[in-house]
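Inspection log for the structure reproduced underneath, given as structure tokens.
The values are calculated or read from the model by the stated rules, or taken from the named source; none is laboratory data. On a predicted model such as this, the values are computed, not experimentally measured, just so you know. Glycine gets a Cβ as well: all are built from the backbone with ideal geometry, and neighbour counts include every protein chain shown. With ligands, DNA and RNA removed, areas are computed over all heavy atoms of the protein, side chains included. Shrake-Rupley method; radii C 1.70, N 1.55, O 1.52, S 1.80 Å.
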Amino acid sequence: SQRPEERPRKQRLLVVANRLPVSAVREGEDSFHLEISVGGLVSALLGVKEFETRWIGWAGVNVSDGVGQKALTKALAEMRCIPVFLDEQIVNQYYNGYCNNILWPLFHYLGLPQEDRLATTRSFQSQFDAYKKANQMFADVVNRYYKEGDVVWCHDYHLMFLPKCLKEYNDKMKVGWFLHTPFPSSEIHRTLPSRTELLRSVLAADLVGFHTYDYARHFVSACTRILGLEGTPEGVEDQGKLTRVAAFPIGIDSDRFIRALELPEVQEHMKELKERFAGRKVMLGVDRLDMIKGIPQKILAFEKFLEENPRWRDKVVLLQIAVPTRTNVPDYQKLTSQVHEIVGRINGRFGTLTAVPIHHLDRSLDFYALCALYAVTDVALVTSLRDGMNLVSYEFVACQASKKGVLILSEFAGAAQSLGAGAILVNPWNVTEVAASIGYALDMPADEREKRHLVNFKHVTTHTSQEWAATFVSELNDTIVEAQLRTRQ
Ligand code: G6P
């Protein structure tokens, strides 16, 4: 075996995302409580062993004093995280404002905010300025930390301005950008006042990735129609410079879920749930409480199903886990009350003294409880109005090896492209169709359930998050080698 000093140094991968995989809460002048969150991106990168990964991002806390910043930087360093400090005003304008009130709804086909057009137009510019400023702050941290040979992988709609800022610092930097949301039709994108600047900035990257081929195609169309550039099968070309554009569908760390099901804690949870809901079929929804998830539409479809199928009324229960998110944005506050109102009405209508048809939880579950819930579910309802990918559908399938339950999946989730063969695909806006699909799923014969489950289980266990990350980064490395060869020719 090689001595350590002879081993080639691993390439460093700098992952830049708005949110670090660790969020901090201040406890004292120089002490912080750190909470790790294992989201899709984190588990994807945990499995990638060939790189030395570092995270750069916001820790979700406002720390403006030097003592605090130093202490948090030190605490995060142990977790290979490097913080970007954003003050309250920037967070409000960049994160709550431009990211979550403008880009997020627009990319999910919900349009630009319309309440007060003039006010929106005026604040639009200041929010976009804050967005650029925030992106520049991320770039400053990356640039301070960057060493020659590192790969920089920027993530999501929060950081569309980052590739340009990074290349301005150093045009040799290897920069990839990946979007976790849909990229909408160019007709939607062109309504955005800053459409041109954002596209040009993303094009500064060497490789641009999306979850589906359709999103990649929409992006290329936006560049050709709005910027007048040339689209090629490889990507977008601007004066001889090619930005490679491709689809890289993400997956999950399926083994982590499959292994968890064997644990005594999870088995115990499963036993409790089975006893609690004995004699009833369990339907499940797990979503962040976000407009794009179509929670009200889903619950209304469930109501229609109960209305039309009295025989099912005391034989089925819908468990809806709604994880609070972006609670400072007014649209999210409105959604919470709307969902509560509908759930209350339906439970009032169809509940009995001993049981209600919908259990609605405004919180997240811990990983073990979630795995148990996935495993005992008969029918999962993923009815997003739009969704970049939707990994809940993947997690459900991974936990269903013994039950072989049914997945009802929105055709507007990226996952419909990969799990469409085994799922029942629905248009979530069509409440009648979703209600009928619930009936079909609950009555589905075992052999059909098994057939459908097996195709999806195979997909979920072979297209993992680790493979996704490794493919993107190796493609980014290759893209740069190819570009160097082209310029030498
Ligand atoms: C989506 C986005 C992520 C984001 C996550 C949670 O999945 O694509 O970038 O981190 O939602 O939202 P939050 O605003 O809490 O970070």
| What does the charge add up to near Thr212, with Lys and Arg as +1, Asp and Glu as -1, over the other residues with Cβ less than 14 Å from its Cβ? | -1
| task | Please report Rg over Rh for segment 261-392, where both radii come from the alpha carbon positions and Rh follows the Kirkwood definition. | result | 0.96
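Please state the charge dipole magnitude for the chain, taken about the Cα centre, from unit charges on C-beta atoms (+1 on K and R, -1 on D and E), reported in debye and rounded to the nearest 20.
Charge dipole, the chain, about its Cα centre: 260 debye, nearest 20.
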| task | For segment 154-278, build the convex hull from the C-alpha positions and give me its volume per residue in Å³. | result | 171 Å³
| request: Grab the beta carbon distance between Lys403 and Gln239, set R0 = 41 Å, and tell me the FRET efficiency rounded to 0.05. | output: 0.15
| field | Rough spin-label spacing in nm, given labels placed 7 Å along Cα→Cβ, for Thr354 and Ser221 | value | 5.6 nm
| message | As a test, work out the antiparallel percent of DSSP beta bridges whose residues both lie in the chain, rounded to the nearest 5. | response | 20 percent
| said: Mean Kyte-Doolittle hydropathy of 0.5 or higher plus an axial Cα length of 15 Å or more: which whole DSSP H helices in the chain meet both? | reply: 431-442
| query | Carbon and sulfur: what percent of the chain's accessible surface (1.4 Å probe)? | reply | 51 percent
| message | Checking a compactness column here: for segment 386-473, what do you get for Rg(Cα) / (2.2 N^0.38 Å), N being the number of residues? | response | 1.12
| message | If you scale each eigenvalue of the Cα gyration tensor by 5 and take the root, what three semi-axes come out for segment 5-54, rounded to whole angstrom and sorted largest first? | response | 27, 15, 9
| field | Range of Cα positions in segment 325-426 per principal axis (Å), largest first | value | 36, 36, 28
| task | Report the relative contact order of the chain, percent, no decimals, based on alpha-carbon pairs under 8 angstrom and at least 6 residues apart. | result | 14 percent
| said: Give the separation of the Cα centroids, segment 398-442 to segment 222-298, in Å. | reply: 14 Å
| Among beta bridges that DSSP assigns inside segment 136-236, antiparallel share in %, nearest 5 | 20 percent
| log10 I(q)/I(0), Debye, Cα-only segment 1-106, no solvent, q = 0.21 Å⁻¹? | -1.14
| field | Per principal axis, descending, Cα span of segment 335-386 in whole Å | value | 32, 31, 20
| Lys/Arg +1, Asp/Glu -1 at C-beta; the chain dipole; positive extreme among Val202, Ser393, Ser221 | Ser221
| request: Over 43 Å, how big is the tail of the calculated P(r) for the chain, in percent of all Cα pairs? | output: 18 percent
| remark: Expressed per residue, the solvent accessible area of the chain in Å² (1.4 Å probe) is about 45 Å²
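In the structure shown, do any of Lys10/Lys164; Lys274/Lys334; Lys298/Lys458; Lys70/Lys132; Lys164/Lys241; Lys293/Lys334 have a Cα-Cα gap over 23 Å, and if so which?
Lys10/Lys164; Lys274/Lys334; Lys298/Lys458; Lys70/Lys132
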| note | Ranking Tyr95, Ile250, His269 by how far each Cα lies towards the positive end of the charge dipole of the chain (+1 on Lys and Arg Cβ, -1 on Asp and Glu Cβ), the top one is Ile250
